[in-house]
Structure formats: C-alpha cells, structure tokens
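First up is the structure itself, then whatever we jot down about it.
The values are calculated or read from the model by the stated rules, or taken from the named source; none is laboratory data. Note that this is a predicted model, so its numbers are computed, not measured. Cβ sites come from the backbone with ideal geometry, for glycine too, and all protein chains shown count toward neighbours.
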Amino acid sequence: MTDQDGTGPVSTGTDGAVHEAVTKGYESVYGTAPQVVWQAPGRVNVIGEHTDYNDGFMLPIALPHATRLAASLRGDGVLRLHSAQSPDSSGITELALSDLVPGSVPGWAAYPAGVVWALRDAGHDVPGADLYFDSDVPVGAGLSSSAALECAVAAAYNDLCGLGLTPTQLALLSQHAENVFVGVPCGILDQLASSCCEEGAALFVDVRSIDPAEGRTRQVPLDLAGAGLVLLVIDTQVKHAHADGAYAERRRGCEKAAAILGLPALRDLPYAGLDAALERLPDDGLRALVRHIVTEDARVEQVTALLDAGELRAIGPLLTEGHASMRDDYRISCAETDLAVDTAVAAGALGARMTGGGFGGSIIALVEKAGAEAVAAAVTSAFAVQGWTGPRAFTAVPSAGARRLE
Ligand code: GLA
C-alpha cells in the first residue's frame with residue numbers, strides 16, 4: 001500500500017533528517033537556530049467513538065504523521081508563530097502574552113497560542129517563544145491535526161521550561177486550551193493519543209482513570225505487521241459543515257440522558273442494564289444516543305480483550321458493528337463514510353468503521369496485507385462511480401506519541 005496522502009517533505013527520513021529539515025525551516029524564518037525540535041502525532045481511533053465525554057473507554061493509536069515544531073524561548077513577552085502549511089507561508093503571527101484571552105486569536109494560531117495561555121492559566125509562568133511548525137497530518141480528515149499542534153507546543157514548553165509535567169498532564173492542558181481558548185467542546189481522546197501513545201501499541205483509555213500509574217489506562221501491544229495485517233486509513237476528503245454543532249448537540253443529549261437516569265455519566269450505565277434504562281428515557285432520539293455509548297464502551301472492552309489474547313483478526317466484526325452503531329444510533333456518519341465502509345468490507349476487509357468525530361473524515365479498514373491494495377482500489381472505484389473525488393489511502397502504523405527529535 002503506497003502512501004497517497006500527499007505528505008510533505010518532512011514526513012519521511014530518519015529523525016536526524018527531519019530535525020535538519022525543520023531546523024532549516026526555522027532558521028529561514030527567524031534567522032537563528034532553534035533550541036529544541038519536537039513532534040506530536042495525529043491519531044486514528046481503533047474503537048470507542050464519542051465515549052470520551054461520557055467518561056468511557058477508547059482505544060486510539062498514534063500515526064506516523066506528525067506536527068514538527070522547532071522552538072526557542074523569548075524574554076520579551078511575545079509569542080511568534082509560523083507554519084510551513086499556512087497559506088501565507090512567509091507570514092509570522094505575533095502575539096503579546098498579555099493579550100492572550102479565550103477567543104482572542106483566530107484560525108490555526110489559536111491552538112498553539114491556547115496552549116501557552118493554558119500553561120499560564122495553570123500557574124506556570126512561561127515566557128514567549130518563536131515557534132515554527134511543519135505538519136504532515138492531513139487537516140480536516142478526522143485525524144487530529146489540532147491535537148498534534150497543541151501537544152507539540154505543550155511538550156516543547158515542558159522541555160524548554162523544565163516544567164516536569166507528565167504526558168497525561170500535557171494532554172489535559174492541551175484539551176483545556178481547546179475547550180476554553182479555542183472554544184471547541186472536545187473530550188480527551190485526541191490529546192491523550194497524541195501525547196501518550198507508544199510505538200507498536202494501541203492506548204486503552206479509561207477516562208475515569210487516565211493516570212497510567214493507576215494501571216487502568218495502558219498500552220496494548222498491537223503488532224499488525226507481525227500478524228500479516230494492515231490497518232488502512234481511507235480519508236474520504238469530505239467534511240460536512242454542520243459537524244461542530246452536531247457534535248455539541250450529541251454531547252448535550254448524552255448529558256441530558258445521564259441526568260434523567262440519575263447517573264454521573266453514561267459510562268455508569270452497565271451493558272446489562274441498558275434495556276431497562278432505555279425504557280425510562282423519552283423516545284425522542286435520546287435512547288439511540290445512549291444505546292450507542294453503552295454498546296460502544298462494551299466494544300472497546302471486547303476489542304481490547306481480543307488484542308490482549310493475540311486474536312487480531314477477530315476484532316474485524318466489532319469494528320463494523322461500531323460503524324453501524326454510529327450510522328444508525330448516533331447518526332454521525334454520512335454517505336461517503338458509509339460507502340467507504342461498505343465497499344471495504346465487500347472487497348474483503350475483516351472490518352471497517354469511520355474514525356473520529358464524524359460527518360466525513362476518515363474510515364479505517366482492517367485488511368489482510370495481501371488484500372490491502374484491492375480494498376483501497378475498490379473504495380476509489382466506488383467513489384469514482386458516484387463522481388466523488390478522492391479518497392486518499394495510507395497505512396496506519398502504530399507510532400510513538402509526542403517526542404523530542406535530535
Ligand atoms: C473528536 C473529539 C474527541 C472525540 C471524538 C469522537 O475527535 O475531539 O474528543 O470525542 O471526536 O470519539
């Protein structure tokens with residue numbers, strides 16, 4: 001399977017080569033060498049969608065695609081930002097730390113600026129900095145390009161300022177930045193994946209117990225290649241406009257249902273009690289939301305148990321069931337993701353589902369290595385028949401979370 005996602009020049013090569021390319025980019029913008037180079041990845045979620053803000057379970061992996069950040073501190077209270085992907089690629093966004101308040105920064109710069117604000121809001125008296133970003137995480141594809149930006153900044157500041165924060169704490173800080181500074185009501189899935197994933201593993205997350213020292217949230221070894229399998233990511237290249245409002249609406253619906261049931265969160269509704277609980281809810285869409293969340297939490301636990309047992313192929317049907325649940329109960333899929341999933345399964349995938357927030361973005365398909373090209377080609381043909389552009393397919397290799405490049 002070839003990588004067809006149009007990744008930029010920094011995506012390939014050794015750490016040294018990437019470090020050199022990003023350092024050169026920084027130097028061409030700021031005229032001096034950076035103090036550090038960090039990277040933080042995008043993610044795909046294997047299973048566990050919209051469960052994070054219901055205090056439930058998720059199982060993401062980090063992608064090889066990452067935001068690279070070259071950074072140096074400044075002593076004059078100014079934050080300067082430059083992105084190699086910005087349409088105005090010669091431009092530098094310059095912000096005074098004293099002006100950083102929620103909602104004050106438009107566009108992509110809100111994510112890194114929000115992290116600096118969140119650090120200061122948490123009582124860390126961090127200075128300004130010169131930041132240079134170069135990312136190959138596809139934007140708008142449901143692969144967490146925003147979390148990659150945030151987590152790169154959080155990790156670089158942690159290093160530069162010697163803050164001693166753990167990857168989990170950096171993820172929480174990044175989520176706080178997105179929730180409050182940017183104003184997006186996301187859960188913790190994307191930031192935890194970008195900060196805490198490890199190479200060769202999926203991250204089982206229990207939102208009630210995210211500190212790895214407690215032993216609940218943990219790395220689950222995932223050797224796809226060793227099992228002769230490929231996890232294909234197929235980006236439909238579609239993002240429907242109403243996604244943000246629909247996300248917030250689903251979240252409010254879950255909170256309302258939990259309140260009616262007298263529960264702190266839907267995670268507290270056991271699978272065995274689902275049918276009885278549904279009868280206590282009005283039949284105005286809330287029942288379907290609850291059914292998705294409770295069955296999805298159960299699927300995360302089942303998939304994790306199968307991976308623990310080395311039964312990788314057996315997770316396929318659970319992935320496809322998860323898609324049906326998002327399509328029929330949570331109602332967050334769309335024609336493009338449904339066609340991609342149905343076509344992948346018909347072409348021999350062991351299982352497939354939309355990944356991420358929904359209303360477009362990417363699907364994942366678990367396929368035998370020998371069949372990967374055929375599955376990707378089948379989805380491409382099906383899209384062509386509809387007259388739709390794309391999709392772009394690549395292989396998801398479970399990769400490391402945020403790390404420093406030398
Ligand atoms: C988006 C959000 C996450 C999570 C997923 C759905 O990616 O940022 O917090 O809710 O959607 O699982």
For the stretch 185-210, pairs from a residue that is among the aromatic types (Phe, Trp, Tyr) to a residue that is in a loop (DSSP other than H, G, I, E, B) and within 15 Å of the ligand (Cβ to nearest atom), with Cβ under 6 Å and 6 or more apart or across chains, are Phe204/Leu59
Selection from the stretch 108-140 of residues closer than 30 Å to Gly358 by Cβ, at pLDDT 95 or above and either in contact with a Pro (Cβ under 6 Å, 6 or more places away or on another chain) or among the small types (Gly, Ala, Ser) (or both) yields Ala109, Ala110, Ala113, Gly114, Ala118, Ser135
Leu222 passes all but one of the listed conditions (1) within 13 Å of the ligand (Cβ to nearest atom); (2) touching a Gly at 6+ places or on another chain (Cβ under 7 Å); (3) closer than 21 Å to Glu296 by Cα; the exception is number (1)
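Do you know which of the residues in the stretch 183-214 that are assigned to a loop (DSSP other than H, G, I, E, B) and in contact with a Gly (Cβ under 7 Å, 6 or more places away or on another chain) is farthest from the ligand (Cβ to nearest atom)? First the steps, then the outcome.
In the first step, residues of the stretch 183-214 are kept if they are assigned to a loop (DSSP other than H, G, I, E, B); the result is 183-188, 197-200, 207-211.
Okay, now just the ones that are also in contact with a Gly (Cβ under 7 Å, 6 or more places away or on another chain), so 183, 197-198, 207.
Details: Gly183: 13, Cys197: 15, Glu198: 20, Val207: 10 Å.
Among residues in the stretch 183-214 that are assigned to a loop (DSSP other than H, G, I, E, B) and in contact with a Gly (Cβ under 7 Å, 6 or more places away or on another chain), the one farthest from the ligand (Cβ to nearest atom) is Glu198.
Looking only at strands (runs of 3 or more DSSP E) that fall completely inside the stretch 304-406, which ones have 3 or more residues that are farther than 28 Å from Asp284 by Cα, among the hydrophobic types (A, V, I, L, M, F, W, C) and under 19 Å from the mean Cα position of the chain (by Cα)?
Values: elements: 351-355, 360-368, 392-395, 403-405.
Counting at least 3 such residues, we get 360-368.
Residues Val379, Val341, Val385, Val397: which one is of a type in the set (A, V, I, L, M, F, W, C) and free of Cβ contacts under 8 Å to residues at least 12 places away in the same chain?
The match here is Val385.
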- Among the residues of the stretch 131-142, is there at least one that is within 21 Å of Leu97 (Cα to Cα), hydroxyl-bearing (Ser, Thr, Tyr) and within 14 Å of the chain's Cα centre (by Cα)? no
Residues of the stretch 254-285 being buried (at least 18 other Cβ atoms within 10 Å of the Cβ) and more than 15 Å from Asp55 (Cβ to Cβ), in sequence order, are Ala277, Leu278, Leu281
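Scan the stretch 344-369 residue by residue and report those that are surrounded by fewer than 19 Cβ atoms within 10 Å (Cβ to Cβ) and without any contact (Cβ under 8 Å) to a residue 40 or more places away in the chain.
From the stretch 344-369, those surrounded by fewer than 19 Cβ atoms within 10 Å (Cβ to Cβ) are 346, 348, 368-369; that's our starting set.
Hits for the stretch 344-369 are Ala346, Gly348.
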Per the filter on the stretch 173-182, residues touching a residue at least 60 places away in the same chain (Cβ under 8 Å) and within 13 Å of the ligand (Cβ to nearest atom) are Ala177, Glu178, Val182
Within the stretch 173-204, residues in contact with a strand residue (DSSP E or B) (Cβ under 9 Å, 6 or more places away or on another chain) and either surrounded by fewer than 23 Cβ atoms within 10 Å (Cβ to Cβ) or more than 20 Å from Arg404 (Cβ to Cβ) (or both) come out as Gly187, Ile188, Leu189, Asp190, Glu198, Glu199, Gly200, Ala201, Ala202, Phe204
